[in-house]
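*Asks:* Below you will find the structure I want to go over with you.
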Amino acid sequence: MAAASLRYEFDGLNRLVIRDPSDLLQPRQVLDGELIVDRDNRLRYRLRHTSGKAASDGRDILLDGTWKLSPAHRLGVVLHPQAEGARQAVFLNATIVDVKDDALIVSLWRRSDGGVRTSQTLSLSGRWQADARNRLTFLVAKSDGAEDRLVFDGAWSVDRRHQLLYRYEQPQVGRQPSAIHTLRFSGMWDLRPEARLVYRLDVESRSAFEFQTSLQSASLNAREGKIAYQVGIRLSGGRLVRQRVTLFGAWKLNRDLSVSFEMPYTDGRLRALTCKGTYIWSTRHAVSVQLMSRRGEPLGMAVTFSRSFLDDAQLFLRLQRLGGDTEVLGGVQGRF
């Protein structure tokens, strides 16, 4: 690695600029090369020409450190110090353009050999989760098992197709107006006890946002076809943004006495949340189901089915014959 006294930065085309405070004859050196992220999520600058101080580590200059996200949503690295002195941060001139269940993808400007501006993408691997303030965070995986935490310090929202969206504003160079970018997370909602709401990005991955919420109402009517939550997102500086999350769908009382809530997602996907519960007759023509999770934990809500809402008269008569409180079993089913 180059000497610790060197100072690093990236110019507008993401070329590595090295400054040597001790060299008055050559205080600034602009290097031609390409940025890469290796398999250990370390930032490297691959030189096209190896000469001078920058070539002391071979073809690559390793810019190893802790990944960081600035308040303006600029991605950078706080470099590990190699000697006594303050740590330095280098930020890429990049835009976060896409998210996967296990990756964060940025696009940055480059210049080709012919002088044409081109774009290049870099991908960090890791996992997504929500922090204690209900903010979205990405944990960058490190080779030693540690994780660098990138906090998206802004409010998120949910569209009518139940997709989680994050919009952020990024300042532009010069007098150009700030650009608005939207990140779309493709996932599925799940219900948890104590009014916790989970958005899973992939069933088999560790990426999931678990939000602390409060129910708008614990008494639900099957005919209305919705579950409403209130979420507080605590941003830096202590500002609280209140977000309402409403899940829309169709309640169904199944023949095995389970209850399902079928929600539409993007691209025409449908997913049914199927719960177990305890049945209680609220009136002669309506039954209320106290919903429980897959593990039998109370979800803190009850949905009421009226006889006129059900299209299965035989099922309703079966419930009447059973009478009393009836505990039923269920699970979670998905259809994509």
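*Asks:* Comparing 261, 316, 152, which has the greatest mean-square fluctuation in the GNM of the chain with Cα pairs linked when under 10 Å apart?
*Replies:* 316
*Asks:* Follow-up question, since we're still on this one. Taking the inverse of the average 1/r across all pairs of different Cα atoms in the stretch 7-153, what Kirkwood radius in Å do you get?
*Replies:* Here the Kirkwood hydrodynamic radius works out to 16.4 Å.
*Asks:* With bins 20 Å wide starting at 0, give me the P(r) of the chain over every alpha carbon pair, in whole percents.
*Replies:* Per 20 Å bin, starting at 0, the Cα pair percentages come out as 26, 42, 22, 9, 1.
*Asks:* Please rank 307, 160, fewest neighbouring Cβ atoms within 10 Å first, as an exposure proxy.
*Replies:* Going from least to most buried by this count: 160, 307.
*Asks:* A follow-up question, please. If only Cα atoms are counted, what is the Rg of the stretch 189-328, and what is its Dmax, in Å?
*Replies:* Looking at the stretch 189-328, its Cα Rg and Dmax stand at 16.5, 59 Å.
*Asks:* How much net charge surrounds residue 190 when only other residues with a Cβ under 11 Å from its Cβ are counted (Lys, Arg +1; Asp, Glu -1)?
*Replies:* +4
*Asks:* Roughly how tilted is helix 313-322, in degrees to the nearest 10 and between 0 and 90, from the longest Cα axis of the chain?
*Replies:* Once rounded, the angle reads 70 degrees.
Values in this text are rule-based calculations from the coordinates and carry no lab data. The structure displayed is predicted, hence computed values, not measured ones. Glycine gets a Cβ as well: all are built from the backbone with ideal geometry, and neighbour counts include every protein chain shown.
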